[in-house]
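K.L.:
Below is the structure I would like to discuss, written out as structure tokens.
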Amino acid sequence: MTSTDATCVSSATGPLAGLVVADFSRVLAGPYATMLLADLGAEVIKVEGPDGDDTRGWVPPVRDGVGTYYLAVNRNKRSIALDLEDPDDLQVAHELSARADIMIQNFKPGGLARFGLDFDAVRARNESVIYCSISGFGAAGGAKLPGYDLLVQGMSGLMSLTGAADGPPFRAGISVFDVMTGLHSVIGILAALHHRDLTGAGQHVETNLLSTALSTLVNQTSAYVAGGVVPTRMGNAHLSLFPYEPLRTGDGELIVVAGNDGQFRRLAAAIGRPELATDPHFDTVGKRNDNRERLRPLLLDALSTKSAQDWFGILTDAGLPCGPINTVAGGIQLAEDLGLEPVVDVGDDVVPTVRNPIRLSRTPPSYRLPPPALDEHGADVRAWLSTPREADRG
């Protein structure tokens, strides 16, 4: 099924071109998911309240009066402002939900039922819809809990793992579970679309931040559920690998990784201490972990003889994973230097955005529309909804 026509369609040619997404989400998890869908060609109609997405005003930083937070996750979308308390606007929302291939929302569980925009109500008017609900803690016992990423970082256990061993817990530098939940939502939506292609049936996709957190804590949650071990903060150290952390050199820190015994042998040779690789205290991963406090000063002593940049070259030439600790600016510059072209300019007014990380050889992501102003496309969307469904063609 395709749901677009010339009244409200971009020039997208990606793998999802022709699909319409009714985006009733705001802030981060939902908007990130819908931007990824839009980059791949979907026509995303961003439904905002009269005051707009909260992140428009999350400043500083700011560009041309708009928060860069909003700009980060809203390109390739069209905005329509709807007050769901207004009967006429609510009717527009109903019509949009009836015409969309995909609807995504991150209201509290049950929050859209009074507007007739919950899954059951939308399915009654659009039986093939893929309807994605994003929440903080699921639709059962956690339905009333507000879904803020910081809360989930704390309540999931992530903060108990982040920070110095003898210091306070810290949040991650980004809203990590919002982003990961957005990614999981896209995976669920694409899986549901494939099933619909085979059967014609829509379905309800549900994701939540806490389940995402527990899944993406991977080895840490497995340490507890499979091993009975409650992990704790270790600073930059790794629970199961050493070295796998920043180590001091002659003039600063360098991240040094030896993920297996072969890499450790190459590391020992590269730093001029080949005997460490055959030392019975250090010759296996488990022994290096058990004796890391004995091994660390030996590595630091060897690394102190040269600068971080010198060791970066030496260890890289030896085929070892290592790297400096950059600022965000340094990370962007590194990607530029490596030919990854991390920044793409969008729109006539040129809004710099970060490139979609997915590379497709035949149907690559495209960058058609800058993040929209509030209700910038309201008239276009309303005009499209007024056309007969028979006119719908991708």
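Only the coordinates and a few stated rules stand behind these numbers; no lab work does. Here the structure is a predicted model, which means the values were calculated and not measured. Positions of Cβ are generated from backbone atoms using ideal geometry, with glycine treated the same way; all protein chains shown enter the neighbour counts.
K.L.:
Modelled label-to-label distance, L300 and R389, 7 Å Cα→beta-carbon offset: nm?
P.N.:
Calculated label separation equals 6.9 nm.
K.L.:
Could you rank the peptides 373-383, 69-79, 24-34, 150-160 by their average count of other C-beta atoms within 10 Å per residue, with the highest value first?
P.N.:
Result, highest mean first: 24-34, 69-79, 150-160, 373-383.
K.L.:
Using a simple charge model, +1 on the beta-carbon of Lys and Arg, -1 on the beta-carbon of Asp and Glu, nothing else, what dipole does region 93-233 show about its Cα centre, in debye to the nearest 20?
P.N.:
200
K.L.:
Quick check: from the Cα gyration tensor, does region 198-347 come out rounded (a/c under 1.5), prolate or oblate? Show your work: numbers first, answer last.
P.N.:
Values: a/c = 2.49, a/b = 1.36, b/c = 1.84.
It is oblate, given that a/c is not under 1.5 and a/b is not larger than b/c.
K.L.:
Quick one: Cα centre-to-centre distance for region 55-131 and region 209-246, in angstrom?
P.N.:
Rounded to whole Å, the Cα centres lie 36 Å apart.
K.L.:
Give me the one-decimal nm value for the distance between modelled label points at V230 and R359, 7 Å along each residue's Cα-to-Cβ direction.
P.N.:
Roughly 4.5 nm, to one decimal.
K.L.:
Rank by packing, highest mean first: peptides 310-323, 202-215, with packing defined as the count of other Cβ atoms within 10 Å averaged across residues.
P.N.:
By packing density, highest mean first, the sequence is 202-215, 310-323.
K.L.:
For K77, which lysines qualify as cross-link partners when the Cα separation must be under 18 Å and same-chain residues fewer than eight apart are set aside?
P.N.:
Within the straight-line limit of under 18 Å, K77 reaches these lysines: K46.
K.L.:
Another question, if that's okay. State to the nearest 20 debye the size of the charge dipole of region 244-326 about its Cα centre, where the only charges are +1 on K and R beta carbons and -1 on D and E beta carbons.
P.N.:
In total the dipole reaches around 100 debye.
K.L.:
Turning to a different aspect of this structure: Count the net charge of all other residues whose Cβ sits under 9 Å from the Cβ of S133, scoring Lys and Arg as +1 and Asp and Glu as -1. Don't skip to the answer; put the middle values down first.
P.N.:
On the way: positive: none; negative: D118, E206.
My count for the surroundings of S133 gives -2.
K.L.:
Residues of region 200-236 with amide nitrogen under 18 Å from the 7 Å Cα-to-Cβ point of E253?
P.N.:
The answer is 233-236.
K.L.:
At q = 0.12, 0.13 Å⁻¹, what base-10 log of I(q)/I(0) does the Debye formula yield for region 244-326 when every alpha carbon is treated as an equal point scatterer in vacuo?
P.N.:
The calculated log intensity ratios at q = 0.12, 0.13 Å⁻¹ are -0.29, -0.34.
K.L.:
Calculated from DSSP H runs of 4 or more alone, at -39500 (n - 2.57) each and per residue, what is the 222 nm mean residue ellipticity of the chain, nearest 500? Show your work: numbers first, answer last.
P.N.:
Numbers: 15 runs with 144 residues, N = 394.
After summing the helix terms and dividing by residue count, I get -10500 deg cm²/dmol.
K.L.:
Still on this structure, please answer the following. Below 13 angstrom from the Cβ of D375, what's the summed charge of the other residues (Lys, Arg +1; Asp, Glu -1)?
P.N.:
Here the charged neighbours net out to -2.
K.L.:
Please find, in a Gaussian network model of the chain (springs between Cα atoms separated by less than 10 Å), the residue of L145, L190, L334 whose mean-square fluctuation is greatest.
P.N.:
Most flexible of the set in this elastic network: L334.
K.L.:
Note down the magnitude of the dipole of the chain about its Cα centre, charges +1 on Lys and Arg C-beta and -1 on Asp and Glu C-beta and zero elsewhere, to the nearest 20 debye.
P.N.:
Charge dipole of the chain: 1080 debye, to the nearest 20.
K.L.:
Long-range amide H contacts for S135: which residues qualify at under 5 Å (H placed 1.01 Å from N, peptide plane, sequence gap of 5 or more or a different chain)?
P.N.:
T207, N208, L209
K.L.:
Moving on to the next point. Counting Lys and Arg as +1 and Asp and Glu as -1, what is the net charge of the other residues whose Cβ lies under 12 Å from the Cβ of E95? Show your work: numbers first, answer last.
P.N.:
Details: positive: R99, R125, R382, R389; negative: D88, D89.
Residues near E95 contribute +2 overall.
K.L.:
Same structure, new question: Please state, to two decimals, what the Cα-based radius of gyration of region 157-267 comes to when divided by 2.2 N^0.38 Å (N = residues).
P.N.:
1.46
K.L.:
Ok, one more. Among T249, M159, N289, flag the residue with its Cα farthest along the positive direction of the charge dipole of the chain, charges on Cβ as +1 for Lys/Arg and -1 for Asp/Glu.
P.N.:
It is N289.
K.L.:
With a Cα-only, solvent-free Debye model of the chain, what are the log10 I(q)/I(0) values at q = 0.13 Å⁻¹?
P.N.:
Log-scaled intensity ratios, in q order: -1.10.
K.L.:
While we're on this one: Give the separation of the Cα centroids, region 247-262 to region 288-359, in Å.
P.N.:
12
K.L.:
Among L193, G141, I104, flag the residue with its Cα farthest along the positive direction of the charge dipole of the chain, charges on Cβ as +1 for Lys/Arg and -1 for Asp/Glu.
P.N.:
Of the options given, the answer is G141.
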